[in-house]
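A quick write-up on the structure given underneath.
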Amino acid sequence: MRNHAADAGPLPAKRDARRERVLFLCLLAASFALMLALNVRTPLMMDDYDYSFSWSTGERLSGLADILRSQAAHYRLWGGRSVVHALAQLFLYWGKPVFNVACAAMYGLLLLEILSLSRKREKSHRAALLLAAQTELLLFVPFFATVFLWLDGACNYLFGTALALVPLLIAKSEREGGFFDGGWRRGTLALPLCFLAGWTNENTACGMLAVMGLLLLLDVREGRNVRAWRLAALGAQLAGVLLMLLAPGNFARASGEAARGLFAELLYRALVVTWCLLRYAGIPLAAAALLLFFGRRRGIALRSRQAALLALCALLSAYALVASPQISDRSFIAVTVLALAAALTLLDDWLAESGRRMAPAMALMLAVCVVSGAAALRDTAAHQAAWTAQLSRIAAAVEQGETEVAVSGVPARSRFTMDIVLGDSPQDWPNSTLSRYFGIAVRGE
């Protein structure tokens, strides 16, 4: 006779795991659908029109070879973020619909990267962690449109951040018996990935490089076997960072910046970075500190070292901006993501050890995401309609053979939209680019 009592344990556990997997996939699909809808409602604007032209010829982009020539000129004249700007120009050449799908997919990949950095392999709270990450990004990233929806901004910061995190994912995989826990055969795949990761965004790439170097030193100090390909991967990452930082365009732009005197200028930038760090990453960093404090008081086994490593990477990525002439809020998206991953690492441990059920909290977070997502869809639709009305005025003027047209900018409606600002004269930027793009002199009203 079959022993049903013996089967009572494994079967409920399997059913729970299956339900959790289905819920996770549904939430991930919903995130993709929301981001796709938001991207469809976000028009081309500002720098998108600039990057629709080749920096080499001044003409509209005509193909892949033209994009490569454009980025060679961009490297000399403006800056070293060649990888992400090449992506932007490639999407502008292919068309906005291709970007819409790719951007929504990259947002989903970024969520998966956050979970991969946070989660234990043998324990799974994917659905809860995914909802927590989505809630943080939707509610507490005030420049959401700039880094996740705007084409040029998303290529720089969403795509750039997802690529910059790759060395940390490789290190985690190598340490925990994942794909990269092997010799040169698999390790060689890390070299081009780390090279591209270094050639993404100045502050994030520098923070990531410092942490990867620190990990290597810690392994040497603790007597851990350091595979040769890890040294090569770190060298490849350094090469990518140097290629980006040493671009002639960086020095050309920096030479025009006003200085207060070296010490005063560095102090001022450090204060600005500290304020931005608290403003944009303060919530996940505070959550991580609270989870660590109360977890230790209750005797919960926490991966405090891993969380500290992610938090350190966030801090280094932030304070690398002290050496940058410009400190923009959107540069803190990777800092926010890394701080979030640190908090979720401790939350995953807390859930695994305490056995707490997350159903009420997940229901609340889901409701918040639904309400926030609905508001985002309304705001982006209204913003798109307002800018489309201005573009229709330009098209009508062109059709009537006029030589000049006056249009209005569109102010941001929420964190899910961006200000579209126009100058007074057709020679002002971005009017000058719009004039070239549409073939008519454009001035602001």
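Mean-square fluctuations from a GNM of the chain, with a 10 angstrom spring cutoff on Cα atoms, peak among Ala247, Ala318, Ala339 at Ala247. Close amide H partners of Ile420, meaning residues 5 or more places away or on another chain with modelled amide H under 5 Å apart, are Val410, Ala412.
For Phe251, Phe332, Phe180, the ranking by accessible surface with the largest value first comes to Phe251, Phe180, Phe332, using a 1.4 Å probe.
With r defined as the distance between the Cβ atoms of Val421 and Glu353 and R0 fixed at 35 Å, what FRET efficiency is calculated, to the nearest 0.05? Walk me through the numbers on the way to the answer.
Values: r = 51 Å, r/R0 = 1.45.
According to the calculation, E is roughly 0.10.
Annotation: Trp350 carries an accessible surface of approximately 30 Å², with a 1.4 Å probe and no ligand, DNA or RNA atoms counted. Would you work out if the range 68-160 is rounded, prolate or oblate? Take a ≥ b ≥ c from the square roots of the eigenvalues of the alpha-carbon gyration tensor; rounded if a/c is under 1.5, else prolate when a/b is larger than b/c, oblate otherwise. Prolate, because a/c is 1.5 or more and a/b exceeds b/c. Within the range 324-445, the proportion of Cα pairs with more than 16 Å between them is 75 percent.
Think of the chain as having a plus end and a minus end, set by charges on the Cβ of Lys, Arg, Asp and Glu; of Val398, Gln89, Cys194, Cys194 sits farthest toward the positive end of this dipole.
Would you calculate, for the chain, the mean residue ellipticity at 222 nm contributed by helices, counting each DSSP H stretch of 4 or more residues as -39,500 (n - 2.57) and dividing by all residues, to the nearest 500?
It comes out at -22500 deg cm²/dmol, rounded to the nearest 500.
Among Phe24, Phe293, Phe416, whose mean-square fluctuation peaks in a Gaussian network model of the chain (Cα, cutoff 10 Å)? Checking each option, the largest mean-square fluctuation is seen for Phe293.
Extension gain for the segment Ala286 to Val22, taken as residue separation times 0.36 nm less the Cα-Cα distance, is 91.9 nm to one decimal.
Short version: what are the Cα gyration tensor semi-axes of the range 204-356, square root of 5 times each eigenvalue, largest first, in whole Å? Numbers along the way, then the final one.
Numbers: eigenvalues 207, 103, 26 Å².
The answer is 32, 23, 11 Å, longest axis first.
Could you state the angle between the C-alpha long axis of helix 228-245 and the longest principal axis of the C-alpha atoms of the chain, as a value from 0 to 90 degrees rounded to the nearest 10? In the chain, helix 228-245 runs at an angle near 20 degrees to the longest axis. Given axes a ≥ b ≥ c from the Cα gyration tensor, I'd like to know whether the range 291-396 is rounded (a/c under 1.5), prolate (a/b larger than b/c) or oblate. Oblate shape, in that a/c is at least 1.5 and b/c is the bigger or equal ratio. Within the assembled protein chains, the solvent-accessible surface assigned to Arg18 is about 120 Å², based on a 1.4 Å probe.
Computed on the range 357-424, with alpha-carbon pairs under 8 angstrom and 6+ residues apart, the relative contact order is 28 percent. Computed with every protein chain present, the accessible area of Cys26 is close to 80 Å² [probe 1.4 Å].
If you average the sequence gap of Cα pairs under 8 Å that are 6 or more apart and divide by the length of the chain, what percent do you get for the contact order?
Numbers: 633 pairs, mean separation 81.4, N = 445.
Across the chain, relative contact order equals 18 percent.
Apolar share of the accessible surface for the chain: 63 percent from carbon plus sulfur atoms, 1.4 Å probe. Segment Ala385..Ala210, full-extension length gain: 58.5 nm, with 0.36 nm per residue of separation and the alpha-carbon distance subtracted. Quick check: the angle from helix 304-319's long axis to the longest principal axis of the chain, C-alpha only, nearest 10 degrees? Between the helix axis and the principal axis of the chain, the angle is about 20 degrees.
In the distance distribution for the range 140-266, Cα-Cα pairs more than 25 Å apart total 38 percent.
Principal axis extents of the C-alpha atoms in the chain (largest first, rounded to whole Å): 88, 48, 44. The angle between the Cα long axis of helix 82-94 and the longest principal axis of the Cα atoms of the chain comes to about 70 degrees, rounded to the nearest 10.
The values are calculated or read from the model by the stated rules, or taken from the named source; none is laboratory data. Here the structure is a predicted model, which is why all the values come from computation and not from measurement. Please note: Cβ atoms are built from the backbone with ideal geometry, for glycine as well, and neighbour counts cover all protein chains shown. Heads up: the accessible areas ignore ligands, DNA and RNA and are worked out on the full protein's heavy atoms, side chains in. Shrake-Rupley method; radii C 1.70, N 1.55, O 1.52, S 1.80 Å.
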